[in-house]
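Worksheet: the structure to be examined is printed underneath.
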Amino acid sequence: MYDLIPSAFRLPFALQRRLEAASSELLRPISGPPVNFAMPMGEPALVSPHSVSWRVFKNPIALYIGGIAAVILELAEPAVRSGVWDHSTFRSDPLRRLRRTGLAAMITVYGARSVAEPMIARIVRMHAQITGHTATGESYAASDAALLTWVHITAAYGFARAYSSYVEPLGKDQVDSLYGEGEMAARLYGAVDPPTSAPAVDVLFNSMGGRLERSEVIFRFLDIMRETATLPPALAWMQPLLVRAAVDLIPDWIRQHLGLDENLGLRRRERWIVRAAGALANRIVLGDGPAAQSCFRMGLPLHHLYS
């Protein structure tokens, strides 16, 4: 069906504008003016416009699903879980947290370096102030390099797996490229020796087996993501499916360890719906979005990432 759709296209005007407005709203800063991804003209980002990352991050379905999968894996680590749950607005204002995190991801990948690097520096300073203790009394610091490496790689894993599973398959070399493309940003955030290939990511995941644990916080997070209105009203029916799709991305041994049984994943028909949505989203050019505007900044056609 979707093979008949041009590689890049725009929806009817009214629908296109509503979709553009919804996307812009989700990425609007909590305070201050919107980020202008089209400026400064010609200034490169931390990642090349010809990278795998630029193609993956343009897809809102992959980002939504991958982001949820990443948070599941983050919350499985007790120190990260305590830091996120005790020092963020996830419980009281989840939409605010999701918007802030989504905007930071877009700036990290697409933003001009003069915008991305100061933003990352601010986040690093904020992390330096966050310390505490887990439920078992273990002390933690949000600036800990090992924790930052886990947060970075779970996000990269989530986005790569979501795109490859629900949009279009990525080859091994492409997955390795995506991991490698994130190394510079990961180090700026404070990670040390982040994995830059799929085999290295597997090694890190396996090494975490003794740290990851089941927690009711994970199930509460999934409830929040099902219940909080984060999609445009016309697409609200898809939200539970996208949450199920994220659960399916968690490696089997970790799912079993966390108690995420098969009832929390997608049914066969639902998987087809999510894949169709991901493929369609991959061909809709959001002219006002970070991806297209960043292409414009670099002197590339708005549809560069869609061809």
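The values are calculated or read from the model by the stated rules, or taken from the named source; none is laboratory data. These figures come from a predicted structure and were not determined experimentally. Note that each Cβ is placed from the backbone with ideal geometry, even for glycine, and that neighbours are counted across all protein chains shown.
Report, by residue number, each residue of segment 85-104 that is under 30 Å from residue 206 (Cβ atoms) and surrounded by fewer than 20 Cβ atoms within 10 Å (Cβ to Cβ). Selection gives 85, 86, 87, 88, 97, 101, 102, 104. Within segment 117-140, restricting attention to residues that are within 24 Å of residue 210 (Cα to Cα) and without any contact (Cβ under 8 Å) to a residue 12 or more places away in the chain, the residue that is farthest from the chain's Cα centre (by Cα) is 137.
A quick yes/no check of all residues on (1) at negative phi; (2) part of a loop (DSSP other than H, G, I, E, B); (3) not β-branched (Val, Ile, Thr):
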| site | (1), (2), (3) |
| --- | --- |
| 50 | yes, yes, yes |
| 62 | yes, no, yes |
| 69 | yes, no, yes |
| 82 | yes, no, yes |
| 89 | yes, yes, no |
| 99 | yes, no, yes |
| 102 | yes, no, yes |
| 120 | yes, no, no |
| 135 | yes, yes, yes |
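Condition check for residue 197 on (1) more than 19 Å from the chain's Cα centre (by Cα); (2) surrounded by fewer than 18 Cβ atoms within 10 Å (Cβ to Cβ): one failure, at (1). Got at least one residue in segment 152-163 being under 19 Å from residue 69 (Cα atoms), surrounded by 20 or more Cβ atoms within 10 Å (Cβ to Cβ), modelled with pLDDT of 95 or more and touching a Pro at 6+ places or on another chain (Cβ under 6 Å)? Checked against the condition, which is being under 19 Å from residue 69 (Cα atoms), surrounded by 20 or more Cβ atoms within 10 Å (Cβ to Cβ), modelled with pLDDT of 95 or more and touching a Pro at 6+ places or on another chain (Cβ under 6 Å), segment 152-163 yields at least one hit. Taken together, the residues in segment 95-116 that are of a type in the set (Lys, Arg) and farther than 16 Å from residue 127 by Cβ amount to 3. Against the conditions (1) over 19 Å from the mean Cα position of the chain (by Cα); (2) at pLDDT 95 or above; (3) in a helix (DSSP H, G or I), residue 184 satisfies every one except (1).
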